[in-house]
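The values are calculated or read from the model by the stated rules, or taken from the named source; none is laboratory data. The model shown is predicted, which means the values in this text are computed figures rather than measured ones. We place every Cβ from the backbone using ideal geometry, glycine too, and count neighbours over all the protein chains shown.
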Amino acid sequence: MPRAPDGHGVQIETVLLVIDISLLGAALGAFTGITPGIHVNTLAMGVLMAYPLLGSLIGSLLGTIGIDPGLAPLLLACLLISASVVHSFLDFIPSVFFGAPEESESLSVLPGHRLLLSGRGMDAISCAAGGSLIGAMAAIFASLPLILAMAMFPDMVDRIDPFIPGLLLSATSLLLMSQRDLKEAEWYIRVRRTSFGRIVLAGQPVPVDGRDVALTGMVQKRGLGRVITTHTGEWRLKGYHGQADLQVTVEGVWKIRRARWRSKAFALLAFLLSGWIGFAVMEGRPFGAELFAGFDGNLLFPMLTGLFAIPSLIESSSGAGIPEQEIEPRTDADMSSSLKGVGAGLFAAWVPGVTSTAGTVLGMSVGAGREEDTDTSTERFISMSASVGTAAPVFGIAALTMTGSGGTGVLVAIDDMMTGTDMSSDAGVRMGVVALFLLSALVASVLGYMLTMWCGKLLASKLSNTDPSSSSKAIFVFEVVLVLMLTGIPGLLVLAASTVVGMLPPAVGVSRVSLTGCLIFPLLLSYSGGDLIISALLGGA
């Protein structure tokens, strides 16, 4: 890594080159972020494959203008860092307007879409953009002291590793136990006696647990039970043994039935079903690969699309339309939730195998997102999940610098390109390199925020007062074709199975957060050794 002539700093020409290449990376990250199904890791692998040619070309260009050609790998690394950070900003937009999630944004599909349908899509975009900006800035400024701390205590991550399964299991248990039935509690009448005479009711009968009630209406069959239909509504009867299809008067007591364990049981079922799909995907033994395996083969895309995107598209295709959208947001990101996301992003970046979604689950377990039916909690949840998704790749830069391992395709590509340079051998140069990496992330963060707000306002104005049914069907077809092209027959099978499981939470009235089992359950199996046992039972090595 070249230094200034006095040997004490980075040359100003290098700083300017890093800023310039970061602008190009931001444009590439904006493209991958706004395009459903295209991940920045795909870009990183393409750059890595073309690295011999790109490195030689950039080195030659640098030499012609009198700059050290050895800067080529550094500049390409900064290109990927900028693209990754900007991608983490803009990939929230497809999840709101089109329902096509990525791993880091999969949890926020439903909250963002809910704000869109209430005319506040820009509020969701504003919370996500602000949360990402807070997460990026906090991670950038925290990275340097963190690197110094890691230099002093190099075994810090190794000491944390044994506690990861317990942390994940505890966080998941808290989330499942905090599930509330999103359907209203069921009122019914415990019948004392019935008659065929009419009675005069003083006012409307209001359900109050334990209060006497008398209603006249038509008794009808509902499954194995009976209901009474009146001008006030339809009420289930318990203790009525008379004939149906008759108008009768029932006298009894109002009772409320709260299914306290129903939601938790269904949430656990959704968690386990999605977990088994995730295990099958990560195990890497898909059916149909011999027919056509696609051009990418990454089955995470069809899995997340089926669990989170396709159910939302199916719901919106039968909806009443996208209402008029407020172009100017009324709210910003919640600072405390965003900072909480920074901590979760740090955990996801520095602990091997922990994804951004797992980090979000850990952050949610200490209070965020539990009141998912209120606007305020929705905004807090979006702020936190966006912060996690952006803080994690920034902290990943520091992790790569100190540990030499990257948890994403971008960081793996950077590590391969920088291997053999001064960064991998000179501790003094390493600090200068990481400073330039963080500068690239800083430039990308500012650009990512501006691009996210601009694109969000553009889409909000274009989609206001539109019928989503035709666009939802078009996006549905696009997603299926994209899955087929990228992942082939195995991807279609994963998409179909994931869609069936993804339809379960809204059908039974629980939160889609339970579908995080697709990523967390395989991780728990891996830490416990259960994946090896299951693979052996299935005939693996």
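If we keep just the residues of the range 19-40 that are among the hydroxyl-bearing types (Ser, Thr, Tyr) and part of a helix (DSSP H, G or I), which is surrounded by the fewest Cβ atoms within 10 Å (Cβ to Cβ)?
Thr32
Answer yes or no as to whether Gly294 is in contact with a Leu (Cβ under 6 Å, 6 or more places away or on another chain), on the phi > 0 side of the Ramachandran plot and at pLDDT 65 or above.
Criteria met by Gly294.
Going through the range 231-249 one residue at a time, which ones are surrounded by 16 or more Cβ atoms within 10 Å (Cβ to Cβ), assigned to a strand (DSSP E or B) and at pLDDT below 80? Write out each step before concluding.
Let us first name the residues in the range 231-249 that are surrounded by 16 or more Cβ atoms within 10 Å (Cβ to Cβ), namely 235-237, 240, 248-249.
Within this subset, residues satisfying the condition of being assigned to a strand (DSSP E or B) are 235-237, 248-249.
Result: Trp235, Arg236.
Run down Leu43, Leu61 and say which single residue is part of a helix (DSSP H, G or I), surrounded by fewer than 24 Cβ atoms within 10 Å (Cβ to Cβ) and modelled with pLDDT under 85.
Result of the check over Leu43, Leu61: Leu43.
Just checking, which of Leu346, Leu304 is under 30 Å from Ile397 (Cβ atoms), in contact with an Asp or Glu (Cβ under 7 Å, 6 or more places away or on another chain), surrounded by 20 or more Cβ atoms within 10 Å (Cβ to Cβ) and at pLDDT 75 or above?
Going through Leu346, Leu304 in turn, the sole match is Leu304.
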